[in-house]
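The values are calculated or read from the model by the stated rules, or taken from the named source; none is laboratory data. Because the structure is predicted, anything quoted here is derived from the model rather than measured. When we count neighbours, we look across all protein chains shown, and the Cβ atoms used for this are built from the backbone with ideal geometry, even at glycine.
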Amino acid sequence: MRATRLAFHAVLLPAIFSMAPAFAVPALQAHRAVYDLTLDKASDRSGITGISGRMVYEFNGSACEGYTVKFRFVTQIATADGTKLTDQQTTTFEDAEGKTFSFVTKSFSDQNLDKEVKGTATKETKGLKVDIDKPEKKNLELAATQFPTQHLVELIGKAEKGENFYETSLFDGSEDANKVMTTTVIVGKKAAGDKADPEAPALAKLAGDKYWPVDIAYFDTTDKSGEEVPEYRISFKLHENGITRDLTMDYGEFTMTGKLVNLSLFDQTKPCPVSK
């Protein structure tokens, strides 16, 4: 699963800053969000009879210091053959200028480490250079793209301008960290928060804040089959400060939901120093 990509568009954060859209970088709120995960629906082909779990996403940083994300995605998946516990733990850092992105992801199955992927991606003149340290050392050259926080900044900027459909791309280091994904983004009309919303207790003072309904489909640019079917898609409510909630994750053969159950807001870092 590309669970990390969901959080990044919170992180879900979504190009090169020298090519960035002409809008101010929004004040992204440093925070820790906890979501309860449940199975929404599953096809017979998936073999899945139930899913429960929890996702924890922690976002820190600023436009002058860079951005750090810590993400954990734990699920218990039930099938006719039994249950399986999966645990994905990811830490990333994106520098302030959006030129470098470091990542490490550890994937566990029934508490045993299955895989660790660690590396750094750097934007260069002709594209993206990815240096992978684990599971084995290798170097990749990929198409020019942007990193997760830039992806989010772009999304908020376009939503503020009233753009409701656009296509862009993203590298977030997920899975084998060997591909750039094309993303198709649909942004709905901005809506006011409802204090009767089931997530309102977790939102607390932010319960009345406005948000955009967002739907993002992810396509594998290396897929040469000719089938323009997304690898997966996510829908969520996006607040102006970058917080996301009311998540739906569609993997084709099954769909999960993520409901915000706890939200901690961190003190914002000091403003960027003004050069003299």
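Remarks
- Wholly enclosed strands (runs of 3 or more DSSP E) of segment 60-123 bearing at least 3 residues farther than 25 Å from K179 by Cβ: 66-79, 82-94
Yes/no per residue for (1) in contact with a Gly (Cβ under 9 Å, 6 or more places away or on another chain); (2) of a type in the set (V, I, T):
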| position | (1), (2) |
| --- | --- |
| C64 | no, no |
| Q88 | no, no |
| K126 | no, no |
| K134 | yes, no |
| I156 | yes, yes |
| K161 | no, no |
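- Close Cβ contacts (under 7 Å, 6 or more residues apart or on different chains) running from residues in segment 217-232 that are within 19 Å of A42 (Cα to Cα) to residues that are in a loop (DSSP other than H, G, I, E, B) and at pLDDT below 85 comprise E231/R2; Y232/R2.
Conditions (1) surrounded by 14 or more Cβ atoms within 10 Å (Cβ to Cβ); (2) in a strand (DSSP E or B), marked per residue:
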{"site": "L140", "(1), (2)": "yes, yes"}
{"site": "G162", "(1), (2)": "no, no"}
{"site": "G173", "(1), (2)": "yes, no"}
{"site": "A177", "(1), (2)": "yes, no"}
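- Test: R245 is charged (D, E, K, R) and within 24 Å of V180 (Cα to Cα): no
- In summary, Y232 fulfils each of the numbered conditions (1) modelled with pLDDT of 95 or more; (2) crowded, with 18+ Cβ neighbours inside 10 Å with the single exception of condition (1).
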